[in-house]
Amino acid sequence: MKPFSSEIISWYLKNKRDLPWRNTKDAYLIWLSEIILQQTRVDQGTAYYLKFAEHFPTVKDLANADNDLVMKLWQGLGYYSRARNLHAAAKTIQTLHKGTFPDSYEDILALKGVGDYTAAAVASFAFNKPHAVVDGNVFRVLSRIFGIATPIDSSAGKKEFYKRANELIDKKNPALHNQAIMEFGALQCKPVHPDCSVCPFNANCFAFTKNLVSVLPAKEKKTKVRNRYFNYIVFHYKGTIAINKRIGKDIWTNLHDFPLIETSEALTEEQLLSSPEWKKMIGKNKYVVKSISSSYKHILSHQKIYARFIEIVCKNPLKNNLPKELLIIKENDIYKYAVPRLVDLYLEKKK
Ligand code: SF4
């Protein structure tokens, strides 16, 4: 049997997908693709990568961009802290590194929003530095082939997998090796029902030979999911509406949505419209309820959000009666603002 790295590289050369960020050595574009692909499928991420690369062909273009435009272009991709960090890191490269993308693993790791995985990916793909990438695909491949049962979400597990990945890397071809192992995990050694009968490792793969493919890799904790109930109030007054720019540390920072009453459980319409929170939100406004939407479900990694939109028509100008921090805009201007996917779906349905 060939050494691990040669085997996986020859599999890669026969099976790899042609993806746009694989045809460049530009560290900025590689970094952009890696940030976009965190927690995003390749088919969804590709369109965003092409859009960002077109709007901001260089790190300088991204650094000088308006933050609202960056957020608007990111709209729909989720995990918005990635967009904020991307923009902040571009500014750091522009000022601290004089616009040249840093080529050392440590300097790349120091950029905002860059963790071990992304630093290793950019250092190896762009500069051919021998740092092994370890992402979900790599955990799975190593765990199954070598029978590593230490939980991948434990600190002992992380240490063990990083050590093994760095021992296995082909020091002469780190970029190719890293691309190969990730692609192998994405296309061949898939999370469920991999086709082991056509796998080049099947004769020696620990998980396959011991019938443990569905058991490996092991995880320690189950993610706790919190349910949240968002009651959005869409205030209308003579062609204007009120919107809210989200600030603080909760989800969707810097995106825009509507004034919100959040509850920890689902309320009936009667319960909501007679609650103290509703009375406080409405203030002195005289209004009629125009419509109440059905519930929109939105799933994030640790939260499930159930949202509904209550449209009310006010009899007084909004500016006089609503909190000052809300923005009063023309109804159609809402489409110019970056909004969470959930709000976007609602607006699309109303069109
Ligand atoms: S034999 Fe199956 S489990 Fe083992 S590496 Fe190949 S695809 Fe993965």
Looking at the stretch 198-219, is at least one residue within 28 Å of H302 (Cβ to Cβ), away from the ligand (no atom under 16 Å from the Cβ) and within 30 Å of the chain's Cα centre (by Cα)? yes
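Yes/no per residue for (1) in the same structural domain as A165 (by TED's automatic domain parsing); (2) of a type in the set (S, T, Y); (3) modelled with pLDDT of 95 or more:
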site: S10; (1), (2), (3): yes, yes, yes
site: L13; (1), (2), (3): yes, no, yes
site: R22; (1), (2), (3): yes, no, no
site: L29; (1), (2), (3): yes, no, yes
site: Y48; (1), (2), (3): yes, yes, yes
site: N67; (1), (2), (3): yes, no, no
site: G76; (1), (2), (3): yes, no, no
site: K91; (1), (2), (3): yes, no, yes
site: Q94; (1), (2), (3): yes, no, yes
Only residues that are assigned to a helix (DSSP H, G or I) and within 13 Å of the chain's Cα centre (by Cα): list them for the stretch 20-45, please. L32, S33, E34, I35, I36, L37, V42, Q44, G45
Elements of type helices (runs of 4 or more DSSP H) in the stretch 102-183, at least 1 residues being polar (S, T, N, Q): 116-127, 136-146, 155-168
Give the residue that is nearest to the ligand (Cβ to nearest atom), with candidates limited to residues of the stretch 177-194 that are over 14 Å from L19 (Cβ atoms) and surrounded by fewer than 18 Cβ atoms within 10 Å (Cβ to Cβ). K190
Of all residues in the stretch 128-157 being crowded, with 20+ Cβ neighbours inside 10 Å and of a type in the set (D, E, K, R), which is nearest to the ligand (Cβ to nearest atom)? R144
Name the residue that is surrounded by the most Cβ atoms within 10 Å (Cβ to Cβ), counting only residues in the stretch 295-319 that are over 25 Å from K221 (Cα atoms) and small (G, A, S). A307
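With the requirement that a residue be hydroxyl-bearing (S, T, Y) and over 16 Å from the mean Cα position of the chain (by Cα), what does the stretch 297-314 give you?
Result: Y306, single match.
Against the condition in a loop (DSSP other than H, G, I, E, B), at pLDDT below 95 and of a type in the set (V, I, T), how does V192 come out, does it pass?
Here the answer is yes, as V192 does meet what is asked.
Condition (residue is open to solvent by less than 30 Å² (accessible area, probe 1.4 Å), out of contact with any His (no Cβ under 9 Å at 6 or more places or on another chain) and more than 10 Å from the ligand (Cβ to nearest atom)) applied to the stretch 158-169: is it met by at least one residue?
Within the stretch 158-169, one or more residues are open to solvent by less than 30 Å² (accessible area, probe 1.4 Å), out of contact with any His (no Cβ under 9 Å at 6 or more places or on another chain) and more than 10 Å from the ligand (Cβ to nearest atom).
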Give all pairs with beta carbons closer than 6 Å in which a residue from the stretch 194-207 that is without any contact (Cβ under 8 Å) to a residue 60 or more places away in the chain meets a residue that is hydrophobic (A, V, I, L, M, F, W, C); count only pairs at least 6 apart in sequence or on separate chains. C196/F208; N202/C196; N202/F208
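The values are calculated or read from the model by the stated rules, or taken from the named source; none is laboratory data. Remember, predicted model here, so these are calculated numbers, not experimental data. With ideal geometry, Cβ positions are generated from the backbone for all residues, glycine too; neighbour counts draw on all protein chains shown. Accessible surface is based on the protein model in full, side chains and every heavy atom, while ligands, DNA and RNA are left aside. Shrake-Rupley method; radii C 1.70, N 1.55, O 1.52, S 1.80 Å.
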